[in-house]
Amino acid sequence: MSLCTFTKEERLSRRKYINRLFARGKVYHLSSLQLRYLPLTIKEVNHHQVVFIVTKKNIKKAHQRNLLKRRLREAYRRNKHLLDSIHPTRLLLAYIYKSKHITSYQHLLSNIIDTLTMLQHHYSHTPPL
């Protein structure tokens, strides 16, 4: 399987895991993004799983929310290889867009890279929970 894909197994969709992520997950804030993350063992989840959230409260028009989610997905897809060194821990990730304005792809890309490198440095040196 190619690294530059975003498969169904990598999408966070199970309600059980989403509830656990928002109940027990850690939070990391950036200028226009909030990252919620929770480490799990490889026995629970086979891949890092991620969800992208753009709220109707901040961005009113659906086509603008979809544009931002596409940009976030693409930035993650192209840089998810930064999480390869995290083993045997798997992460549940939620990227929540907080700005009220549409941000450029380059800005979102730099934010995604910042969060992924932060997670890489944090979890490549600590044992799993």
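You will find that of Thr103, Thr117, the residue that is under 15 Å from the mean Cα position of the chain (by Cα) and either assigned to a helix (DSSP H, G or I) or more than 17 Å from Phe6 (Cβ to Cβ) (or both) is Thr117 and no other.
Among the residues of segment 46-75, what is the count of those that are out of contact with any Asp or Glu (no Cβ under 9 Å at 6 or more places or on another chain) and under 20 Å from Lys26 (Cβ atoms)?
If we filter segment 46-75 for residues that are out of contact with any Asp or Glu (no Cβ under 9 Å at 6 or more places or on another chain), which is where we start, we get 51-75.
From what is left, the residues that are under 20 Å from Lys26 (Cβ atoms) are 51-53, 72.
The qualifying residues number 4.
Could you grab me the full set of residues in segment 33-44 that are out of contact with any helix residue (DSSP H, G or I) (no Cβ under 7 Å at 6 or more places or on another chain) and surrounded by 17 or more Cβ atoms within 10 Å (Cβ to Cβ)?
Here is the first cut: in segment 33-44, the ones out of contact with any helix residue (DSSP H, G or I) (no Cβ under 7 Å at 6 or more places or on another chain) are 34, 40-44.
Once the filter is applied, which keeps residues that are out of contact with any helix residue (DSSP H, G or I) (no Cβ under 7 Å at 6 or more places or on another chain) and surrounded by 17 or more Cβ atoms within 10 Å (Cβ to Cβ), segment 33-44 yields only Leu40.
Being surrounded by 17 or more Cβ atoms within 10 Å (Cβ to Cβ) and in a loop (DSSP other than H, G, I, E, B) holds for only one residue in Ile18, Ile59, and it is Ile59.
Restricting Leu119, Leu108, Leu68 to those that are surrounded by 14 or more Cβ atoms within 10 Å (Cβ to Cβ), of a type in the set (A, V, I, L, M, F, W, C), modelled with pLDDT under 95 and under 23 Å from Ser13 (Cα atoms) reduces the list to Leu119.
The values are calculated or read from the model by the stated rules, or taken from the named source; none is laboratory data. Bear in mind the structure is a predicted one, so any value in this text is a computation, not a measurement. For neighbour counting, all protein chains shown are included, and Cβ atoms are generated from backbone atoms with ideal geometry for every residue, glycine included.
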